[in-house]
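Remarks on the structure that follows.
The values are calculated or read from the model by the stated rules, or taken from the named source; none is laboratory data. Being a predicted model, the structure only gives us computed values, none of them experimental. No Cβ is skipped: glycine too gets one built from the backbone with ideal geometry, and neighbour counts run over all protein chains shown. We work out accessible area using only protein heavy atoms, side chains counted, and drop any ligands, DNA or RNA first. Shrake-Rupley method; radii C 1.70, N 1.55, O 1.52, S 1.80 Å.
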2 protein chains.
Amino acid sequence: MADRKVELTQKIEEQGSKVRQLKAEGAEKTAIDAEVAVLKGLKQELAVLEGTAGETKSKGKAGKTSFVLKTPKGTKDYNDKDMAIREKVFSTITKVFKKHGAVTIDTPVFELKEILSGKYGEDSKLIYDLKDQGGEECSLRYDLTVPFARFLAMNGKEYQNFKRYHIAKVYRRDQPAMTKGRMREFYQCDFDIAGVYDPMIPDAEILRVLCEALTALDLGKFTVKINHRKILDGIFEVCGVPEDNIRPISSAVDKLDKLPWEDVKKEMTEEKGLAPEVADKIGEYVKLKGGRDLLEKLFKDAILTGNKSASEGLADMALLFDFLEVFGIMDLMSFDLSLARGLDYYTGIIYEAVTEKSAPPKLAEGTKPKTKEGTDELDESTVGVGSIAAGGRYDNLVGMFSGRNKKGEPNLKIPCVGVSIGVERVFSILMAKQKAEDIKSNETEVYVIAVGDGLLKERMQIAKELWEADIKASFLFKNKPKLDKQWAACEKEHIPFAVIIGRDELDKGEIRLKDMRSKNEAQGGGVTLQRADMVKELKARLQTM
Amino acid sequence: MADRKVELTQKIEEQGSKVRQLKAEGAEKTAIDAEVAVLKGLKQELAVLEGTAGETKSKGKAGKTSFVLKTPKGTKDYNDKDMAIREKVFSTITKVFKKHGAVTIDTPVFELKEILSGKYGEDSKLIYDLKDQGGEECSLRYDLTVPFARFLAMNGKEYQNFKRYHIAKVYRRDQPAMTKGRMREFYQCDFDIAGVYDPMIPDAEILRVLCEALTALDLGKFTVKINHRKILDGIFEVCGVPEDNIRPISSAVDKLDKLPWEDVKKEMTEEKGLAPEVADKIGEYVKLKGGRDLLEKLFKDAILTGNKSASEGLADMALLFDFLEVFGIMDLMSFDLSLARGLDYYTGIIYEAVTEKSAPPKLAEGTKPKTKEGTDELDESTVGVGSIAAGGRYDNLVGMFSGRNKKGEPNLKIPCVGVSIGVERVFSILMAKQKAEDIKSNETEVYVIAVGDGLLKERMQIAKELWEADIKASFLFKNKPKLDKQWAACEKEHIPFAVIIGRDELDKGEIRLKDMRSKNEAQGGGVTLQRADMVKELKARLQTM
C-alpha cells in the first residue's frame, strides 16, 4: 500500500502539471475538464489510502471532499422501504415454518476455518476468511447447512429429532449481480428436518413446506424440479462412467439449465475425458422430464432397474410421489433427470424451485452471461434470477463432524433433509412489483397536531397518553411548528389519524379527531370529542381498519 | 502453519517415546496418564492443522476422534429455547420502537476499513478485520452507530428527519465473560433520532423509549444515570484541566462505577499528569448525584454558571427535566456527575441504564476483576452484567463522513441522539429467571395420533387439512408408530391438542379430540367429533387459549 501511495503522489504531480499546461495553452474546456477528472480520481484514491478522506482540505482549491462513501463490493444497505418488504417476506416464510412445528436456532456469523474446509468443493475459494489477529483461524459462514450439521454433531444427543429453521446472512466472494439478488452478503431461509425416520416422510413434508411458502409469497406460477442422486448415479454407472468420474460428470450435467447439451457434452469428453458414446448414452437419459409417467417408464428400463443404486432411487421416488399425492402438491413437481445440484453432500432426493420470472433472457446458442466492460461485474441484463429455492437429503454431513469409531463408522449419524429459500431473489422479484412511494414503512397510527400556539408540552402529554394505551403516536419535534408542516409530515408518513389540539378545546377538555385517509370534505376539521374519550374512540376506529 | 506441523510431528514422536519409556519402567499410572494427555493434545492440534480431524483413525489405538468441535472464542450457538426467549425480547423491544414511529434499516456486517477507523479511540484495537483476499480492506462492524452515520451521510438528502431502529450483531475482539453476556459476537438494539429539531425534544422521547422498553422487558427496578458532556467539560475547565487533557481525564472519570476514587485519582495524576489539587476539585464535583435538587445546586454555583459550556449544559438539563416530567419518567432518572461514557463522539446528554441485577459482586477495595488461572478469560464470578443500555447525543458524527466545504464545515450536518440496549445482558438476566424445560420453543397446536394400525397416509391427510386451515400441526414420521411414542412426543413438545384417529372412527367419518393440558380424567380418550367439524372446533378452542 505504501508503494501505491508513492506512485499516486507522483502521478498526481504529473497530472497537475498536465492540467496547468493545458490551461496555459488555452486548451478547450472539455479537454481540460477530462484531465481534471483524472486528477480528482487520483487524489481521491490517495485520500482513501491515507485515511484522510473526509478531513478538512481548506488549503487546496479542490476544496470539498474525496471520501468514497460506499458499502463493500457485493453488499448493500436496506432502507426502511426495503426492510418493510423484507420483514413481510420473512414473516410470511416464518409463519409457514412454524405451522410445520419448526423451531429456530442461531449460530455465529463466523466459524472455525476447519469446520468449513472440505465441504464445498471448488466453491471453497469463495469463502471469506478473517484476518489472523492472533487466536483462531476463522471464516464467514458460506451457508447455513454446514453450521447446522456442526451444531447437530455438538448437541446431537439432545437433538436426535429436530425440525429447525434458520434465517440469516451468509457470505460468498462471488461475482455480484445486485439487481438480480446475487450478492456477496445475502440472506438464506433454511428449513431442515434431522432424525432417523421412515423413508420419504420428512422429505415429503419438506416439499409441502416449500410449496406452501412459495404460494404464500405470491410469486406467481412455480415448478419444483425434482430428482434423486441415487437414480443419477445409477444412470452414470449403467452408461459406463468410471466411479471416480461420477461427481465431475454430475457437475457437468448440473449446467444443463444454463448451457446447451453440446457444450455440456464437450465438457464431459474434452475436459473430463469421458468417451463420446458414454456421454451420448447419458444425454438420452438426462433429457427426460415428466411426472409419474416418467417414473413408470424408468421402472420398465431393465438395465436401470438392474442397477442397485438406481433401483433404490426409483423405489424412493415411487413412495415419495404417493406422499406428495396425499399432500396435494404432485402437480407442482417436474421429475427432471437433468437436475444434479452442485454440492457434494447430497445423498438422496434433490430439488430446485423455479418461477417464470427466474428465467434468464434468451441468449444466443453458446453465448454466456457477459461482464460489464472494464469490470468484473456481471452485465445484469444477461442473467436471470435463477432458482428461488433448492435443497435435498444429506445423510452423511453430521457424521463428518462427529468423529469415527474404530471401525471407521461415524460416532453419530443424523440423516437430514432440508430446503433453502433464496430470499434475495424472492425479494428482487417482489420489489420489481412495488412502487417505493406506496410502501408505508412505519406503523404510526396517530399524529398529534397543534393549532395556533405551539402547545409543545400539551402535545407531549397527549402522545404519552396514547403510548400508554399502546397506540402508535408521533408529533413534530418543534416548539412552534407551522400547521402546514404538521399536515405534511402526517401525510408523508401515511399516518391514518390526526388528533388536533388548540388552546380553546383544551380548556374545554376537548380534542378533535380527523381521519386522514378520507378526502370527505364533510368531516372538515374533524369531529370534536371529550378528551377522556379519545383513547376509546381511537381504539375502536383502529380495530376496524 | 507448515512449520508448526513439522514441529508437532517431531514433538509427537518425542512424547510417544517418553510414554513408552515410562510404561517400560513401570512408572505410576498417574504419571503415565499425564504424559498420555500431553500426547493426545499434540495429536489433536496436528489433526486440526491437517484438516483430518474427524477422519478415520482406525490404525492407531487412540481410535475415536480428535476434532475440536466448537464455535470460535467469545461466540456461541443459540438453541431453540434460547431463541424463544430472544425472539420475545426482540419483539417486546420492537413493539416499543414502532409505537414511537421508528422504521428499521439494515447495513452490511462488514464495512470498508476506513469507515470505522478513527471512530473508537483506544478500542479500535478490538475491531475484527477481514483477510486481504484481493479487493477492498474490510472490517466487521463494531457497533451500529457508525454504520448508521455512514448511511445518513450517503442518503442524508432523503433522510434529514429519521427515527430508525436497528437490531443486529456487532463484533469486538474483547475479553469474553460469556455467562454475563459479554461476548465477541453480540446483538445490539439501537434506536436513534436524526434531524434538526428544537432542543431536547427528541432527547426526551429517546429516554421515554428507553424507559418503556426496560419496563416492558420486566427486568425489575432500574435507574437511568444521566449527565451532559457540556456540564462535564465545564467542570473540567473550571477545575483547571488543560484542554488537550479533557478527553483523557473524562475517560478516567468514566471508571468511577468500577473503581474507587483513589484509583481514579491515581490514574489522573500519575498516568495523565494532572495536578493533585485539580484532581481533588474534580473529585468534589463528580461525587454529586441527585435529581432536580442537584440541578438547582449547580445553578447556584457561580463559578460553574460562569463557564459557557457548563451553563449551556445546565440550561439543556433544565429543559430536558421539564419534558421528562411531562413524559412521567423523571423519577427514574439519576443526575450523576460521575457518568462520562467512553466514546469520543458524544456532544450533549449521555445516559446509562442499570438494574439491581447489573451490579458486580462486591470486591475488596482496590481489587479488579480476575482472569481465570492460565487463561485470558474473565473469572465471571468477579464481574457484573454492567449497564444494560446506554447512549447520548452525537451531533458531529455524520459530518465526519460527509466531507467538508471550503470553509472546513461539514457538507452535511445531521444531529443525532440515540440509545443502544445491550440485549445480551438483558437476555442473561432473563435466562437466569427461567427453567429450560418450561420453555415451549415450537408453536405447534395439534398433534395427529393414530391408534392401532399406523394409518400414515390418513395422518398425512389430516395434517394437510389442518395446515390448509392455518392450524399448526405435526405427526410422527413413522409408518407404524407406537401409541406411547406418539403421546410422549406430544407431551415433550407441550402441544395443547391431539387429534386421534382409528380405522373405525375414520370409517364412520369421525375423529377424537383431546385437550392435552387438562389432566381431567373425565375426558378419557377425548371427545368424538364429526371429521367435517374438526377444523371449526379446533379454531374455537385455540381462540380461547
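Of the residues B:224, B:209, the single one that is assigned to a strand (DSSP E or B), open to solvent by less than 30 Å² (accessible area, probe 1.4 Å) and within 20 Å of residue B:388 (Cβ to Cβ) is B:224.
Report whether or not residue A:533 is more than 28 Å from residue A:88 (Cβ to Cβ), in a loop (DSSP other than H, G, I, E, B) and more than 10 Å from every other protein chain (Cβ to nearest Cβ). No; evaluated as a whole, the condition is false for this residue.
In summary, residue B:104 fulfils each of the numbered conditions (1) buried (at least 19 other Cβ atoms within 10 Å of the Cβ); (2) among the hydroxyl-bearing types (Ser, Thr, Tyr); (3) away from chain A (no Cβ under 11 Å) with the single exception of condition (3). Within segment B:317-328, track down each residue that is in contact (Cβ under 8 Å) with a residue 24 or more places away in the chain and either open to solvent by less than 10 Å² (accessible area, probe 1.4 Å) or of a type in the set (D, E, K, R) (or both). Result: B:317, B:320, B:321, B:323, B:324, B:327. With the checklist (1) farther than 19 Å from residue B:100 by Cβ; (2) surrounded by 19 or more Cβ atoms within 10 Å (Cβ to Cβ) in hand, flag the one item residue B:165 doesn't pass. For residue B:165, the failing item is (1). Kindly indicate which of A:441, A:420 is among the small types (Gly, Ala, Ser), in contact (Cβ under 8 Å) with a residue 40 or more places away in the chain and over 28 Å from residue A:225 (Cβ atoms). Matching residue, one of A:441, A:420: A:441.
For (1) of a type outside the set (S, T, N, Q); (2) touching a helix residue (DSSP H, G or I) at 6+ places or on another chain (Cβ under 7 Å); (3) touching a residue at least 60 places away in the same chain (Cβ under 8 Å), each residue gets a yes or a no:
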{"site": "B:210", "(1), (2), (3)": "yes, no, yes"}
{"site": "B:217", "(1), (2), (3)": "yes, yes, yes"}
{"site": "B:225", "(1), (2), (3)": "yes, no, yes"}
{"site": "B:240", "(1), (2), (3)": "yes, yes, no"}
{"site": "B:247", "(1), (2), (3)": "yes, no, yes"}
{"site": "B:263", "(1), (2), (3)": "yes, no, yes"}
{"site": "B:266", "(1), (2), (3)": "yes, no, no"}
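If you check every pair at least six apart or on different chains, which have Cβ atoms under 8 Å apart with a residue in segment B:185-202 that is at the interface with another protein chain (Cβ under 9 Å from one of its Cβ atoms) and outside any strand (DSSP E or B) first and a residue that is aromatic (Phe, Trp, Tyr) and crowded, with 19+ Cβ neighbours inside 10 Å second? Note: pairs meeting the criteria are B:195/A:477; B:195/B:162; B:197/A:477; B:198/A:477; B:201/A:477; B:201/B:323; B:202/A:477. Within segment A:124-157, the only residue that satisfies the criterion of being more than 18 Å from residue A:345 (Cβ to Cβ) and hydroxyl-bearing (Ser, Thr, Tyr) is A:128.
Tallying residues that are farther than 17 Å from residue B:349 by Cα and part of a helix (DSSP H, G or I) within segment B:300-316 yields 4. Residues of segment A:169-179 being open to solvent by less than 10 Å² (accessible area, probe 1.4 Å) and either polar (S, T, N, Q) or at pLDDT 85 or above (or both), which ones? If the condition is that a residue be open to solvent by less than 10 Å² (accessible area, probe 1.4 Å) and either polar (S, T, N, Q) or at pLDDT 85 or above (or both), then A:170, A:171 are the ones that fit. Within segment A:271-290, the set of residues being under 36 Å from the mean Cα position of the chain (by Cα) and without any contact (Cβ under 8 Å) to a residue 40 or more places away in the chain comprises A:271, A:272, A:279, A:283, A:284.
Residue check, residue B:538 against (1) open to solvent by less than 70 Å² (accessible area, probe 1.4 Å); (2) part of a loop (DSSP other than H, G, I, E, B); (3) touching a residue at least 40 places away in the same chain (Cβ under 8 Å), all met but one. Which one? Residue B:538 satisfies every listed condition except (2). Note on segment B:83-97: residues that are touching a strand residue (DSSP E or B) at 6+ places or on another chain (Cβ under 8 Å) and either open to solvent by less than 10 Å² (accessible area, probe 1.4 Å) or facing chain A (nearest Cβ under 8 Å) (or both) total 6. Only residues that are open to solvent by 10 Å² or more (accessible area, probe 1.4 Å) and under 28 Å from residue B:353 (Cβ atoms) were counted in segment B:391-406, giving 4. Residue count for segment B:432-446 under the criterion of being away from chain A (no Cβ under 14 Å) and under 22 Å from the mean Cα position of the chain (by Cα): the result is 4.
If I filter segment A:395-431 down to residues being within 17 Å of residue A:349 (Cα to Cα) and among the β-branched types (Val, Ile, Thr), which single residue comes out as nearest to the other protein chains (Cβ to nearest Cβ)? So, considering only residues that are within 17 Å of residue A:349 (Cα to Cα) and among the β-branched types (Val, Ile, Thr), the one nearest to the other protein chains (Cβ to nearest Cβ) is A:417. Residue check: residue A:489 meets all listed conditions (1) at pLDDT 95 or above; (2) in contact with a Leu (Cβ under 8 Å, 6 or more places away or on another chain); (3) open to solvent by 10 Å² or more (accessible area, probe 1.4 Å); (4) farther than 23 Å from residue A:509 by Cβ but one, namely (1). The sole residue among A:448, A:385, A:354, A:419 that is modelled with pLDDT under 90 and closer than 30 Å to residue A:82 by Cα is A:385.
Counting the residues of segment B:245-272 that are open to solvent by 40 Å² or more (accessible area, probe 1.4 Å) and farther than 21 Å from residue B:227 by Cα gives 6.
Table: residues versus (1) more than 28 Å from residue A:286 (Cβ to Cβ); (2) away from every other protein chain (no Cβ under 14 Å); (3) in contact with an Asp or Glu (Cβ under 6 Å, 6 or more places away or on another chain); (4) basic (Lys, Arg).
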{"position": "A:178", "(1), (2), (3), (4)": "yes, no, no, no"}
{"position": "A:204", "(1), (2), (3), (4)": "no, no, no, no"}
{"position": "A:218", "(1), (2), (3), (4)": "yes, yes, no, no"}
{"position": "A:231", "(1), (2), (3), (4)": "no, yes, no, no"}
{"position": "A:235", "(1), (2), (3), (4)": "no, yes, no, no"}
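Is segment A:519-527 home to any residue that is among the β-branched types (Val, Ile, Thr), surrounded by 13 or more Cβ atoms within 10 Å (Cβ to Cβ) and in contact with a strand residue (DSSP E or B) (Cβ under 7 Å, 6 or more places away or on another chain)? Checking segment A:519-527: not a single residue is among the β-branched types (Val, Ile, Thr), surrounded by 13 or more Cβ atoms within 10 Å (Cβ to Cβ) and in contact with a strand residue (DSSP E or B) (Cβ under 7 Å, 6 or more places away or on another chain). Quick one: would you say residue A:219 is outside any helix (DSSP H, G or I), under 21 Å from residue A:356 (Cβ atoms) and at pLDDT below 95? Yes, satisfied.
The number of residues in segment B:112-152 being open to solvent by less than 20 Å² (accessible area, probe 1.4 Å) and at the interface with chain A (Cβ under 7 Å from one of its Cβ atoms) comes to 7. What are the residues in segment B:227-244 that are part of a helix (DSSP H, G or I) and open to solvent by less than 10 Å² (accessible area, probe 1.4 Å), if any? The answer is B:229, B:231, B:232, B:234, B:235, B:236, B:239.
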